[in-house]
Amino acid sequence: MERVNRFFQSRWGIILVGLCIGALASTLQKLGNPKNMGICVACFERDIAGSLGLHRAAPVQYIRPEIIGFVFGAMIAALIFGEYRARAGSAPVIRFMLGFFAMVGALVFLGCPWRALLRLAGGDGNAILALVGLACGVGIGVLFIKRGYNLGRSQKGSPVAGAVLPLIMLGLLLLLIVKPVLSTGAPFFSTEGPGSQHANYLVALGIAVVIGFIAQRTRFCTMGAIRDVILMRDFHLMSGVVALLAGAFIMNLIYGQAHWGFAGQPVAHTNQLLNFGGMLLAGLSFALAGGCPGRQLFLSGEGDGDAAVFVLGMIVGAAFAHNFGTAGTPYPNNPANWGWGPAAVLVGLVFCVVIGLTMRSTATAKA
Amino acid sequence: MERIDCRGLSCPLPVVETRKHLERLSSGGKLEVLVDTGTARDNVSRLAAREGCDVEVRETEDEEFILTITKK
């Protein structure tokens, strides 16, 4: 066990895991997931919100087993390696709102950091400025961290408290398997659009459990990769992220899934200001919450109730984004017709900056 | 020996705090860091190794970790 652990913590461990995640994500696209969306935590949580009827955007409603599998895989790894620790209580409402605005920002771009990498690996040039925006957002977060930003300590809890999000995921899995027919129409499943495109749910669940497992062991985090480079010149996590990009790119070439350019990319738009701005907000929110959306799912599987609150905030944020029309569309050139997306991003940025400036406490006590 | 309590702090604060204290430590000095998750244990260990320090990890009965870092 110790040798396995050491390998996962090594540079080669995280590179191999990154390659696997990238290759598996590309394979999920081959097996039916939407193009350049083998894995997108933001999009898939948005689809779950739609399936539950929290929003009624008909093309994006499906209970994505990838999200469920991420939590289950991480939980299995945490239990096997003795790392399951129920904990919570670190500024839950703020974490909820950080999750909310992270989702609002991600949906303006139309993807989380994972999908930004997969879009780039699939030849979508619009992901470039989004990744720049993500890095800038994380960079601002690092400035706050250097000034003493801190959401406070979590407290240990009962093991059951840490299992709430995994239990919610179990409930979602049952809904997906049983597909109950209710008079209200819920749960909703898209018949066209991205929500209708998916790999076989058992295959997707299996792949996601594997990813959740190996990501929990390596602490894989797309936001943390950028943060550690800026904060400490530590390239450990970044080597995994670059490997993800490489793995997806190679498999896309093999599958013939790479199409280079900016216009006409799948589930994307070409407004670079909003691609940048959306991910700026998402990056800052992830940095202030201490993890990318995938990492928040893995932490939830380990029993971290604060990460679970962030996940729930993201799901509610997705509902808001579609109900209030802030999610990305093929934005017209005239800013007057951009809708509420830019305004929501600005509000989110103000929220994050206020939180970044005001949430400070003495981080450590002498033991 | 200086001791810091990083229990309950989310990523990357245990590393940030440890680095701050390591910078103040003189050669041969020891720093004890108390953490409560495997992630914090691994991240702080990696930081210390990168800074050229020796690290000894001990798990307590409460499933917490005490990292003893010695600056070379």
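Computed quantities for the displayed model
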| read-out | value |
| --- | --- |
| Environment charge at B:G38 (Cβ cut-off 15 Å; Lys +1, Arg +1, Asp -1, Glu -1) | +1 |
| Flagged links, alpha-carbon separation over 21 Å, of A:K35/A:K179; A:K146/B:K20; B:K30/B:K72; B:K20/B:K72 | A:K35/A:K179 |
| Unit charges on C-beta of K, R, D, E only; dipole of the range A:72-147, Debye | 260 |
| Nearest 10 degrees, 0 to 90: helix B:38-50 Cα axis against chain B principal axis | 10 |
| Isolated Cys in chain A, by beta carbon distance under 4.7 Å | A:C20, A:C112, A:C136, A:C221, A:C292, A:C352 |
| Computed helical MRE - 222 nm, the protein assembly as shown, DSSP H runs ≥ 4 contributing -39500 (n - 2.57), nearest 500 | -19000 deg cm²/dmol |
| Inter-chain Cβ neighbour average for residues A:144-155, partner chain, 10 Å | 3 |
| Hypothetical label at A:L174: residues of the range A:66-99 whose amide nitrogen lies under 18 Å (7 Å Cα-Cβ projection) | A:68-69, A:72 |
| Whole-Å distance, taken between Cα centres, linking the range A:150-177 and the range A:197-263 | 24 |
| Convex hull (Cα only) mean projected area of chain A, reported in nm² to one decimal | 17.7 |
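Values in this text are rule-based calculations from the coordinates and carry no lab data. As the structure is a computational prediction, the values presented were derived from the model and not from experiment. Quick reminder, even Gly has a Cβ in these numbers, built from the backbone with ideal geometry, and neighbours come from all protein chains shown.
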